[in-house]
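Visitor: Submitted below is the structure of interest, expressed as structure tokens.
The values are calculated or read from the model by the stated rules, or taken from the named source; none is laboratory data. This one's a predicted model, so the numbers in the text were calculated from it and none came from an experiment. Please note: Cβ atoms are built from the backbone with ideal geometry, for glycine as well, and neighbour counts cover all protein chains shown. Calculation scope for accessible area: heavy atoms of the full protein, side chains included, ligands and nucleic acids excluded. Shrake-Rupley method; radii C 1.70, N 1.55, O 1.52, S 1.80 Å.
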Amino acid sequence: MLGPVILAASRSDRMRRLISAAPVTKQVVDRFIPGETVDDIVPIVEELTARGLELTMDVVGEDITTPGQAAAARDAYLELVGRLEDLDLGEKVEMSVKLSMFGQALEGGHELALANVRPVVEAAAAIGTTVTLDAEDHTTLDSMFAVHEELRKDFPQTGCVIQAYLFRTEADARRLAESGSRVRLVKGAYKEPAEVAHQNKHEIDKAYVRVLRTLMDGEGYPMIGSHDPRLISIGQELARKAGRKLDEYEFQMLYGIRGDEHLRLAAEGHRMRVYTAYGTDWYGYFMRRLAEKPANLRFFARSMISKG
């Protein structure tokens, strides 16, 4: 029940100032966001890949208000690509991008976001990896899917994200499953109105399974974005029924959540990719992690009480 309240707070400047100023906040944020710079994050990449895990990297930041900020976001990803090239890890480390960071919400935002993200996708391909376009709130999705389709003309491995709680997603999944694209399925982490999205957890879970079945039965590469043990088991069973080999789908989970499960799945031979965010503009990302799961909020509250 607190999820919508927390998501509303993620857009509040007052709450941003209050939480950011709390002395304990950084210690708690570090659980989910292990660094602010590329130099901070490289040891994390090396450690996780050495343990048999794969990663998708996210430079956090969404509230872009000028073309200059969008260009700076592009350059931050290009800097990341340069460091990944030095590590020579290929597809073991990909990148996730939010088009809002690349100027999608600005005047002429669709064209601006496409122009800014294309060099990142090109650079990723040049070092043997790829980029996944993250899904944001429902008003941005038509633009995101159009950018995805355009990028795939030259870089067919470019991925995208779909969100089970949206009513539109089952149709999106059918379209994407036929195209052979890489698709990450998540439950959804934005505050959406009842006109466009399921509001009940049970209905969201049922929609997740329906969409995942479509992806598994299709021609694309499904990426199961969930920490839910039941959905993970269902994903394994759907993959088995679809005749998929272990390298024909993957699991994805967030850095800092269920780390033992990351290692268990990898030890069983599954591709297990850890969504790892870094950067200074962490507030929106952090608040959505709290909203997604009550345990995350309890962890934060206990830390505030014990250390504040």
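Visitor: What is the spin-label model distance, in nm, from residue 209 to residue 125 if the labels are put 7 Å beyond Cα along the C-beta direction?
Guide: That separation, rounded to one decimal, is 3.9 nm.
Visitor: Pull up all non-local amide H partners of residue 182: gap of 5 or more, or a different chain, and H-to-H distance under 5 Å with H placed in the peptide plane.
Guide: The list, which skips near neighbours in sequence, is 160, 221.
Visitor: Just how large is the dipole of region 61-194 about the Cα centre, in debye to the nearest 20, putting +1 at every Lys and Arg Cβ and -1 at every Asp and Glu Cβ?
Guide: 380
Visitor: Let me ask something else about it. Give me the 1.4 Å probe accessible area per residue for region 104-261, excluding ligands and nucleic acids, in Å².
Guide: Solvent-accessible surface per residue comes out at 43 Å².
Visitor: Can you flag which of 187/245; 92/153; 92/206; 201/245 are past 27 Å Cα-Cα?
Guide: Over 27 Å apart, Cα to Cα: 92/206; 201/245.
Visitor: While we're here: Which loop-located GluC sites (Glu not before Pro) does region 204-285 contain, where loop means any DSSP state but H, G, I, E or B and the Cβ has at most 13 other Cβ atoms within 10 Å?
Guide: Of the GluC sites (Glu not before Pro), the ones in loops of region 204-285 whose Cβ has at most 13 other Cβ atoms within 10 Å are 219, 268.
Visitor: Report the label-to-label distance for residue 202 and residue 146 in nanometres (one decimal), using points 7 Å from each Cα along the Cα→Cβ vector.
Guide: 4.0
Visitor: Distance from a point 7 Å along Cα→Cβ of residue 40 to each backbone N in region 51-69: keep the residues under 11 Å and list them by number.
Guide: From region 51-69, the list is 60.
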